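Below is one structure; the comments refer to it alone.
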Amino acid sequence: MTIGILREFDFYPFTLKIPKDWKKLYLSFSQIGAVLQSGKLDAAPYPYTYLNLLVEGYEPSELSLTLTKGARSLILISKFPIENIDDFTLGLVQGYEPILHCVEPILERMLLGKTFKIRVFPDIFNADAFLIYGDRALRGDFGEYKYVYNLVEGYITVAVWVVRSDLKDDIIPHIGNSLAHWYMDMEGYVLKYAKHKGLDKEILIEHAKGLKFKYGG
């Protein structure tokens, strides 16, 4: 089996207990659709807002990733207080484009009446504010971007696992088993990951408690 792993999702526990001979293919969020189209993946977390574009031969599972208010991995960082900026550039790191669609209603309310343009950059630089997702959002140190705004209000479903239709029963139970082990020792996994990545364990624990997974198997 070949499983798609999102670089932005490195923390999440979906593959803790998958078979060792399964191949992991690391991709950016925006690359998943094209690689599924090529037929090179048997399963992958797929942008929730793009499900209507899912290619033939794959189907969504009942396993997803939803962020709740306690989650810390979806933020807006700014050089200045957002309320004090009227005209600015909002940066998006290349590969994060699907995330933008998850938070459009929140951004529209936050930026109501302001003039801004969205630009895609290879990394964080040369913009007044940036939309940040994933591990890098959990680090908490953004240099000159001193103002941090959590973009999670209520529940935001970011991704749904999609699988090759004829392999669903062979793949999803293993991912569900990974989640079961995560819940049995969530704090242990969090502390290990925090140490490995140099992250603040308290921030990571708070974030982990703000994650919701749905598995119907």
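The three principal axes of the C-alpha atoms in region 125-187 carry coordinate ranges of 48, 29, 24 Å, sorted with the longest axis first. Remark: region 9-144 carries a charge dipole of roughly 320 debye about the Cα centre, counting +1 on each Lys and Arg Cβ and -1 on each Asp and Glu Cβ. How much of the DSSP bridge set in the chain is antiparallel, in percent, rounded to the nearest 5? So the antiparallel bridges amount to about 60 percent of the total. Treating each Cα of region 88-217 as an identical point scatterer and summing with the Debye formula, the log10 of I(q)/I(0) at q = 0.20 Å⁻¹ comes to -1.29.
Both numbers refer to the Cα atoms of region 79-138; Rg and Dmax are 11.3, 31 Å. Converting the Cα gyration tensor eigenvalues of region 14-65 into ellipsoid dimensions via √(5λ) gives semi-axes, longest first, of 19, 13, 11 Å.
Across the chain, the convex hull enclosing all Cα atoms gives 121 Å³ per residue. Over 23 Å between Cα atoms, which of K23/K69; K69/K201; K79/K197 qualify? Over 23 Å Cα-Cα: K23/K69; K79/K197. Taken about its Cα centre, region 70-110 carries a charge dipole of roughly 240 debye when the Cβ of each Lys and Arg holds +1 and the Cβ of each Asp and Glu holds -1.
When only alpha carbons are used to place a centre, region 85-120 and region 183-217 end up 28 Å from one another.
A short reminder: the numbers here are calculations on the coordinates, not readings from a lab. In this text, all values refer to a predicted model and were calculated from it rather than measured experimentally. With ideal geometry, Cβ positions are generated from the backbone for all residues, glycine too; neighbour counts draw on all protein chains shown.
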